[in-house]
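Here the structure comes first, spelled out in C-alpha cells, and everything after it is commentary.
Each reported figure results from applying straightforward, stated rules to the coordinates on display, with no laboratory input. Note that the structure is a prediction, hence the values are computed from the model and not measured. Don't worry about glycine lacking a Cβ; one is built from the backbone with ideal geometry, like all the others, and counts go over all protein chains shown.
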Amino acid sequence: MLAVLMGTALGAPRTGTVAVCFEAELANRLEPVMEIHEEGRCSGGRAVVIRQGAGAGQSSTGANGTALYSVPIPASGRYDVWLRARWLDECSNSILLLPPGGTLCTVTDHTFGNWHWVRGCAPHLEAGNHTFMLRNREDGVAVDQFLILSAGQKPPRGVVRPNVVPGNPSGPQKHNSLALAVTAVPRKLPGKPPRRYDVRHSLGGTGDGAAYPAMVCALPGVAIDLDLWLRNNTSTPAHGAVRLRQIAGLRLKKSESQDVTAAEHSLSQVSFTVVPEEELPIGEHPVRFHIRTGRKLRRAGTRLIRPLEWQFAGPFDHPAKSTIDVAHPPETDGVRRKTYTAGKKTVGWKTYPRHKTYSPFGFVDLVRLFGDVRWKACYARTQITVRESGDCQLVLMGDDMVRVWIDGVRTATADAALPATLNRRMARITLTAGKHDVLLKSCQARNYWEFFVTFAPLAGRPPAVFGVPLANQDWGSPK
Ligand SMILES: [Ca+2]
Ligand SMILES: [Ca+2]
C-alpha cells in the first residue's frame, strides 16, 4: 500500500481529511484524441490536452479519447474529485470524469484561459486501489492534475505537489514492460488556429479510421515532428525500441528506429521528423509505429492527410436560404477566366500562404481566407494527375454546403446546411490517366466555413492521385 502524504501546498491536514494528488499526464493508459503536451504554468510542465479541432462530440463512441488512472485511496469515505483544468472558451469548457463505480459526470465551469481547480464528482470510495477515467467531451480543453479531497475540503490556489503516481490498472506487469500511454502526436504544424472559429474535426475514431484517429496536415516540404509518449507502468526501468514504418513520398529525417529507456513509472518521449514530398499521393496515409520491449510488440499510429492545394475566387454574395444551385460567375462563365464580378468588386484566382489556408488537421479554413462572413460562396480550383486509369473514392466534407466538379462534370454535393456539423459525401469516380481539373464550390451561412476533399482507395489497386503543384498548373491563357 502506498503511503499517502499531504502535498506541502495543501497545508496541515485536518484530522480525518485525505488528499490524493497526481499528474494527469501520468495516465496509465491514454488514447487519442487525448494528447500529452508540454505546457508552461502547470505541474510537471505537462498536461493532458484535447487540442482545439481534435474531435468534438465524438465521446459517444467511447473510443475517442480516454485517460485511465489507477490510484490508491487510503481511507473509506466521501470525496470530492477536483481537476486542475484550463478551458479555451465557452464552447470548450468541459470534460467527462468517471469515478470508480460511479456515473459519468461532466466537469465544467465558466473560467476561461487560466489553469484553475474545477470540482468534478463526489464519490464514496472504499480504501484500496481505484480507477478513474477522463473521457473526451469536447476539444480545446486541458487537464494538469487530479486532486481527491475529503468531501467539503477546498483545494488551494495553484498547483499541488503530487503524492501519488498512478499505478498499473491491469495488475502486475512483467519485468521490462513498457506500457504505451499515447500514440504519436504532431508537434510542428503548418498552421496556427485562428482566434475564434477553428476547424474542430479530426475525423477521429469513426469507421475504419478508428485505429489511427489522429490526423496531421502533410504538405510537401513542411516538416512534421511526430512525438510518441511512452508510459512505463512498472516499478522497474524499461528498455525498448520504436520503429517508424516507411511510407513512399515521406522522407524520414533521422533513423527509422530509435531506442527508448523509461525509468520506473515515468513518461518518455520518442520523436521522429518526417518531410512530405510531392510524391505523397493526395489522401490519407496511416503512419505506423512498432514499439518493441523484450518480446512484446505494440503498435501505435497516426494519420497524415495530404490535402489538395487550391486557388480561390470569391467571396460572392449567396443570399440567405439559397440552395447550393444558385450559381456565380466561375460556374456560369467557366473556370478559366482571369477575373469575375462579385457584387461591386472584381475577384480573380488567388493563392494564400499555406499556414493561413490549412488547419493543422488538413482542412481548408475559409474563415481565415475570407473572414467571419455570412451568406457567401467561394470557388476553389486545382489540378490532379493520375498515372494509371481506374476507380477511386472521392471524399468530400464541408461546412456548410459544398460541391465538386471534375473536368466540368458535377461529381459530388454535400448540401445539408447543419449548424456546426460537417457534411460528408462520398462518390465512386473513374479517373483516366493524365491531368484533370477540379472545381469546388463552398457556401457559407455562418460560423465555421471549411472543406476537405480527398481521394480514398477502393478494394484492389486504385490509381494514386497526385496533386499538381500550383506553379505547374495550366489554366490556359487568361481571358
Ligand atoms: Ca501536470
Ligand atoms: Ca458554416
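Remarks
- For segment 61-123, the alpha-carbon radius of gyration amounts to 1.22 times the rule-of-thumb value 2.2 N^0.38 Å expected for a compact globular protein.
- Highest average first, the peptides 341-348, 290-297 ordered by how many other beta carbon atoms sit within 10 Å of their residues are 290-297, 341-348.
- Contact order normalised by residue count of segment 71-152, Cα under 8 Å, 6+ apart, percent: 49
- Since only Val404, Val438, Val373 are under comparison, the one whose Cα sits farthest along the positive direction of the charge dipole of segment 309-467, derived from C-beta charges on Lys, Arg, Asp and Glu, is Val373.
- Hydrodynamic radius of segment 8-150 per Kirkwood, over alpha carbon pairs, in Å: 15.2
- Summary of packing: across the peptides 233-241, 93-101, the per-residue average of other C-beta atoms within 10 Å ranks them, highest first, as 93-101, 233-241.
- Principal axis dimensions, largest first and in whole angstrom, of segment 311-472 by Cα: 47, 33, 31
- ³J(HN,Hα) computed for each position of segment 69-84 - Karplus, 6.51 cos²θ - 1.76 cosθ + 1.60, integer Hz, glycine/proline x: 9, 10, 9, x, 10, x, 9, 5, x, 9, 10, 10, 9, 10, 10, 8
- Of the peptides 115-121, 436-442, the order by per-residue mean of other Cβ atoms within 10 Å, starting with the highest, comes out as 436-442, 115-121.
- When Rg and the Kirkwood radius Rh are both evaluated on Cα atoms of segment 340-411, their ratio Rg/Rh stands at 0.98.
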